[in-house]
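Novice: Let me give you the structure first, and then I'll get to my questions.
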């Protein structure tokens, strides 16, 4: 018999909020005048954005590098505007997280950079209300999914709860696989209704 779940960790993009990457690219294209294919290639597919998500470069270096790669300025406010345009909070999933938070520790673990970490109050204000201080952004940890060490770091911040007593919810197969390697229990998120069924079967809601 599996042990009871004592904590739940949620991914942000694609779970707590819908994440529309094409909309983000379109927004950046309108703000910079550069084609979406170029933005995708030089910022995201090049690995530049990944460096930022891992905390290997700071926000100013990241934005300056984006501007260099695009050949046009990319102000912080414009970047944040495009990032926010890609995010639509999921009220059903947030309601489940809120209900869980009344019973046990809940946390967010997201692969994102310091710009996101420093501006979540604007980008996604519901998070602080539900998760308090337990919002972990990869750039601040210096570790990112799917590295099992990243999950271990989050568990450490949660007080060292045993991995097999923690449920991790994410929409990406590779991140779920990383959590499995770290010993966590997992749910590959597809929709709110399925998540509700899983949480009910675990007697969490």
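Novice: Post the alpha-carbon centroid distance, the stretch 173-201 to the stretch 1-46, in whole angstrom.
Specialist: Spelled out, the Cα-based centre of one part sits 18 Å from the other.
Novice: For labels at residue 190 and residue 67 in the simple 7 Å Cα→Cβ model, what's the distance in nm?
Specialist: Using points 7 Å along Cα→Cβ, the separation is 4.6 nm.
Novice: Report the full-extension gain for the segment residue 6 to residue 140: residue separation times 0.36 nm, less the Cα-Cα distance, to one decimal in nm. Provide the component values of the computation, followed by the final result.
Specialist: Numbers: separation 134, 0.36 × 134 = 48.24 nm, distance 2.46 nm.
Gain in length upon complete extension: 45.8 nm.
Novice: Further question: For the stretch 21-85, report the convex hull volume of the alpha-carbon atoms normalised per residue, in Å³, without decimals.
Specialist: Details: hull volume 4.8 nm³, N = 65.
Expressed per residue, the convex hull around the Cα atoms of the stretch 21-85 is 74 Å³.
Novice: Continuing with the same structure: Tell me, Kirkwood radius of the stretch 130-205 from alpha-carbon pair distances, in Å?
Specialist: Details: mean 1/r = 0.0767 Å⁻¹.
It works out to 13.0 Å.
Novice: Suppose we keep just the alpha-carbon trace of the stretch 126-174; what are its Rg and Dmax in angstrom?
Specialist: Computed over the Cα atoms of the stretch 126-174, radius of gyration and Dmax are 11.3, 29 Å.
Novice: Along its three principal axes, how long is the chain when you only count alpha carbons? Whole Å, largest extent first please.
Specialist: Principal extents (Cα only, largest first): 58, 30, 27 Å.
Novice: With springs only between Cα atoms under 10 Å, which of 146, 22, 163 fluctuates most in a Gaussian network model of the chain?
Specialist: 22
Novice: Can I ask one more? Report, to one decimal in Å, the Kirkwood hydrodynamic radius for the stretch 47-87 based on all distinct Cα pairs. Each step should come with its number before you reach the end.
Specialist: On the way: mean 1/r = 0.0941 Å⁻¹.
Taking the inverse mean of 1/r over all distinct Cα pairs, the stretch 47-87 comes out at 10.6 Å.
Novice: Taking 0.36 nm per residue of sequence separation and subtracting the Cα-Cα distance, how much length would be gained by fully extending the chain between residue 50 and residue 157, in nm to one decimal? Could the numbers behind the result be given before it?
Specialist: Working: separation 107, 0.36 × 107 = 38.52 nm, distance 2.32 nm.
Roughly 36.2 nm would be gained on extension.
Novice: Here is a follow-up. When N is the residue count of the stretch 36-142, what does its C-alpha Rg come to as a fraction of 2.2 N^0.38 Å? Mind showing how you got there, number by number?
Specialist: On the way: Rg = 15.4 Å, N = 107, 2.2 N^0.38 = 13.0 Å.
For the stretch 36-142, the normalised Cα radius of gyration comes out at 1.18.
Novice: Only residues of the stretch 126-161 count here: report those whose backbone N is under 19 Å from the spot 7 Å along Cα→Cβ of residue 60, or say none.
Specialist: 140
Novice: Considering only the chain, what is the antiparallel percent among its DSSP beta bridges, to the nearest 5? Please list the in-between numbers first.
Specialist: Values: 3 of 18 bridges.
Rounded to the nearest five, the antiparallel share is 15 percent.
No value in this document is a laboratory result; all are computed from the given coordinates. The model shown is predicted, which means the values in this text are computed figures rather than measured ones. Note: ideal-geometry Cβ built from the backbone for every residue, glycine included; neighbour counts use all protein chains shown.
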